[in-house]
Amino acid sequence: MKTLYEVLDGSSRDEERIQRAGEILKAGGLVAFPTETVYGLGGDALNPASARRIYAAKGRPSDNPLIIHICRWEDIYAIAVDPRGMAKRLADAFWPGPLTLVLPKKEIVPIETTGGLSTVAVRFPSHPAAQRLIAAAGGYVAAPSANASGRPSPTTARYVAEDMDGRIDMILDGGAVGIGLESTIVDLTSEEPVILRPGYVTQEMLMEMLGSVGVDGTILDGKSVQRPKAPGMKYRHYAPLGELSVVEGDAVAVQEAIVRLCEAAEAEGKKTGVIASDESAAFYRADSVKSVGSRRDEAAIAHSLYRILREFDDEGVDVIYSESFGCRGMGQAIMNRLLKAAGHHIINV
Ligand code: AMP
Ligand code: MG
């Protein structure tokens, strides 16, 4: 299949490009598009064949459900029920934006889209091009991240093309995304709302709206024996080609430990990488030292994490040591993705 590549350049021709992409989606095709979190791989959410195509293009297991993207918040009522009004309260506060709500689904949503579940995940993204595309496609676009299963979520259209060229109908290039990590997912179907995946909208922010909000036990604890509520969470997530370890402890001790670990690995002839911060990067002498940004700027760290992981793959690094980052606020999402990439391999110093 030839994949069309269209750049959204802010000109008057963008509307035409988006309409064309909408027609492709309506006809059952697949289009990758920018959102404020990461690039999504869209298909018509109400067409079972589109869902099957998404799973095939990503190489994703078909019991890993898709998030449905809408472009007007009231449209949630066509596909989901909100028995306790909690979705409305959260939508008022955080939509459009990087928050996904899990609710009981309505009949109209095919189980192919929900991976066989009777619940559905819904999000109203804030990215203007995403909103226009969803409207052009008829209002309901199922979209997982636009990476091949097992690779980091793409933060630029070039990374989408690396994974998806020849496998989908079209890529809409809207430049680099803003946030760089996937949306927060909150399950509203249990007695207490539960965060299934942390993201830019934090537990603290949700608690202000709803009072008590739990966090799924599998999020930061690799050894949890709990059965994950989001089926996607049971699958091994992205792991870099090099062996990644997260080093935890007092800041100075962590830096010294990483220096020693790199020296030992180099002595064995291995190519070494370090995930550092602006504050510490100059301290290291590895083959490839990458800063995720300043520790004072969690948004910057979130923004660069997936790009850095892809770069280590491209450079053929054998071992990677990462500093750890705080677990509060957005730090929870950053550590969740980092620990998953490391297969929860932690070195405590
Ligand atoms: P991605 O599309 O790659 O951002 O992944 C979507 C995530 O949403 C996966 O981890 C899914 O397991 C989760 N998800 C989607 N629908 C549901 C649902 N109905 N219940 C729980 N989790 C869901
Ligand atoms: Mg994904």
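The table below gives the values:
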item: Pairwise FRET efficiency - S212 versus A253, Cβ, R0 = 51 Å, nearest 0.05; result: 0.90
item: Amide H contacts under 5 Å for D173, placed H, 5+ residues apart; result: E6, V7, L8
item: With DNA, RNA and ligands ignored, accessible area of W73 (1.4 Å probe; Å², nearest 10); result: 70
item: Rounded if a/c under 1.5, otherwise prolate or oblate - the range 53-132, Cα gyration tensor axes; result: oblate
item: For peptides 238-247, 315-324, 177-186, sequence by mean Cβ density within 10 Å, most packed first; result: 177-186, 315-324, 238-247
item: Cβ-based charge dipole, the chain, positive-most Cα from A121, L181, Y77; result: Y77
item: Subset of K2/K106; K2/K105; K2/K26; K26/K58; K58/K340; K88/K340 violating a 27 Å alpha-carbon distance limit; result: K2/K106; K2/K105; K88/K340
item: Label point distance in nm, E204-S294, each placed 7 Å from Cα along Cα→Cβ; result: 1.8
item: Surface accessible to a 1.4 Å probe, H345 within the full protein complex, Å²; result: 90
item: Computed over the chain: relative contact order in percent, which uses C-alpha pairs under 8 Å that are six or more apart; result: 19
item: Selection from S62, V31, A45 lying farthest towards where the dipole of the range 5-65 points positive, charges on Cβ; result: S62
item: Karplus-derived 3J(HN,Hα), 6.51/-1.76/1.60, for each residue of the range 167-173, Hz, glycine and proline x; result: 10, 9, 7, 7, 10, 9, 8
item: Nearest-0.05 FRET efficiency for S190 and R52, computed from C-beta distance (R0 30 Å); result: 0.55
item: Whole-angstrom gap from the range 1-75 to the range 116-135, using each part's C-alpha centre; result: 10
item: Test item: Cα-centred dipole of the range 75-206, Lys/Arg +1 and Asp/Glu -1 on Cβ, debye; result: 140
item: Cα-based shape type of the range 1-112, given that a ≥ b ≥ c are square roots of the gyration tensor eigenvalues and the cut on a/c is 1.5; result: oblate
item: Cα-based equivalent ellipsoid, the chain: semi-axes from gyration tensor eigenvalues, Å; result: 34, 24, 17
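The values are calculated or read from the model by the stated rules, or taken from the named source; none is laboratory data. Just so we're clear, the structure is a prediction, and the values are computed from it rather than from any experiment. Note: ideal-geometry Cβ built from the backbone for every residue, glycine included; neighbour counts use all protein chains shown. All accessible areas refer to the heavy atoms of the entire protein, side chains included, with ligands and DNA or RNA removed. Shrake-Rupley method; radii C 1.70, N 1.55, O 1.52, S 1.80 Å.
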